[in-house]
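Just below is one structure, and these are the notes that go with it.
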Amino acid sequence: MKKYKICGVLLCITLAFCLYATPFTNAATPEEEVLQVVSNWVKAFNTNDFNLMSSLHWNSPMLTKFGPGKSETFLFQGEAILANWKSAFVDPVGTYANSLHHPQVTILGDNVAIITLYNSQTVTDPRTKAQTVGLYRGTFVVQKINGKWLIVHEHASVLPEE
Amino acid sequence: MRTRTFVGLLSWVCLVLCLYVAPAANAATAEEEVLQVEKNWMKSAETADYELFSSLYLHSPKISEFHPGDVFLSQGWELFEQNWKPTYESTQKGSVTMSMHNPQVTMLGDNVAVLTFYQIVTTVKDQTISQHRVTRVLQKIDGKWLIVHDHASYLPTE
């Protein structure tokens, strides 16, 4: 009888330990979750995946963006940002090849984070195959809304010449 | 006795109404408080007031800035101080004028805000104009809005 009791207690302890350890080993940290947003951003950009790009953004008129190009001099807001992505994705896949460097995450409170990074972008002309390289600095502000990190503001600018 | 009860009740109603209305009339909205930080930033630049400038930022290793003319990200208050203090000390009061255009505040919860605007800096002596697009991220810490990230860039030319 005593043996059974010891076995029962031992099993309970093992089960409790398993329940405690399992989610912890699988759960991503907030920093990792936030970095996943920019990994998906670059994936969507490089593969012309509008649905993925759209899913990364806050669906709100309060969404804002300063883009790096002359056509994006003024602040884009809400649906205009997604419309701009849609028009960029008309170009064939492979036109834009982005690679992100030195992403850094700063968590503000429970549900807002800032990501700063550099983006090296190669644009291949679909017709002539001529390539141009642009270097950009980027700030993304993301907010966790209904359990999902979403881009609420982006500021991209050309890397100044030294 | 009935009149006294009625007057007493009326006084209570008036008092409650006054308490309800009075703070709303004086308190600034969160958006106004955030804009005030930027107004103070401009004032600090125009009056070369480094102490004021310093008081607007979170003094922490986590703050960061993309300055229009700098290639790399400045991180941490110590680096901010190294970059900005000499600039303020070498600038004469009244040598630049600043203006903010089309400011927009996006509140992300109660304690974080994103401010976007266009900034025009004019050098008084030779009337040189510099135009920037600015993003500031502010966090309310111990009841005070402080800048935690800046990204300022020249207007794109290409």
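Could you tell me which residue of the stretch B:129-138 is nearest to A:Gln143 (Cα to Cα), considering only residues that are at the interface with chain A (Cβ under 9 Å from one of its Cβ atoms) and buried (at least 22 other Cβ atoms within 10 Å of the Cβ)?
Top of the filtered list is B:Val137.
Take the residues in the stretch B:103-158 that are out of contact with any Leu (no Cβ under 6 Å at 6 or more places or on another chain) and among the basic types (Lys, Arg); name whichever of them is modelled with the lowest pLDDT.
Within the stretch B:103-158, the match that is modelled with the lowest pLDDT is B:Lys125.
Residue by residue through the stretch B:7-39, note down the ones that are among the hydroxyl-bearing types (Ser, Thr, Tyr) and at pLDDT below 95.
Once the filter is applied, which keeps residues that are among the hydroxyl-bearing types (Ser, Thr, Tyr) and at pLDDT below 95, the stretch B:7-39 yields B:Ser11, B:Tyr20.
Whether any residue in the stretch A:99-109 is within 11 Å of another protein chain (Cβ to nearest Cβ), touching a Leu at 6+ places or on another chain (Cβ under 7 Å) and outside any strand (DSSP E or B) is what I want to check.
Checked against the condition, which is being within 11 Å of another protein chain (Cβ to nearest Cβ), touching a Leu at 6+ places or on another chain (Cβ under 7 Å) and outside any strand (DSSP E or B), the stretch A:99-109 yields no hits at all.
Could you list, in sequence order, all residues of the stretch A:148-160 that are within 8 Å of another protein chain (Cβ to nearest Cβ) and not polar (S, T, N, Q)?
A:Val152, A:His153, A:His155, A:Val158, A:Leu159, A:Pro160 - these are the residues of the stretch A:148-160 that are within 8 Å of another protein chain (Cβ to nearest Cβ) and not polar (S, T, N, Q).
Within the stretch B:80-113, can you find the residues that are assigned to a helix (DSSP H, G or I) and hydrophobic (A, V, I, L, M, F, W, C)?
Once the filter is applied, which keeps residues that are assigned to a helix (DSSP H, G or I) and hydrophobic (A, V, I, L, M, F, W, C), the stretch B:80-113 yields B:Phe80, B:Trp84.
A:Glu154 passes all but one of (1) more than 13 Å from the chain's Cα centre (by Cα); (2) of a type outside the set (A, V, I, L, M); (3) closer than 23 Å to B:Thr157 by Cβ; which number fails?
(1)
Looking at the stretch B:84-110, which of its residues are surrounded by fewer than 17 Cβ atoms within 10 Å (Cβ to Cβ), within 15 Å of the chain's Cα centre (by Cα) and within 10 Å of chain A (Cβ to nearest Cβ)?
Residues satisfying the conditions are B:Asn102, B:Gln104, B:Met107.
Restricting the search to the stretch B:32-79, which residues are in a loop (DSSP other than H, G, I, E, B), within 24 Å of A:Ala113 (Cα to Cα) and within 14 Å of chain A (Cβ to nearest Cβ)?
B:Leu58, B:Ser60, B:Pro61, B:Lys62, B:Ile63, B:His67, B:Pro68, B:Asp70, B:Val71, B:Phe72, B:Leu73, B:Gly76
Hey, among A:Ile114, A:Ile81, which residue is aliphatic (A, V, I, L, M), in contact with a Lys or Arg (Cβ under 6 Å, 6 or more places away or on another chain) and within 14 Å of chain B (Cβ to nearest Cβ)?
Unique residue meeting the criteria: A:Ile81.
The values are calculated or read from the model by the stated rules, or taken from the named source; none is laboratory data. Since this is a predicted model, take the numbers as computed values, not measurements. Glycine gets a Cβ as well: all are built from the backbone with ideal geometry, and neighbour counts include every protein chain shown.
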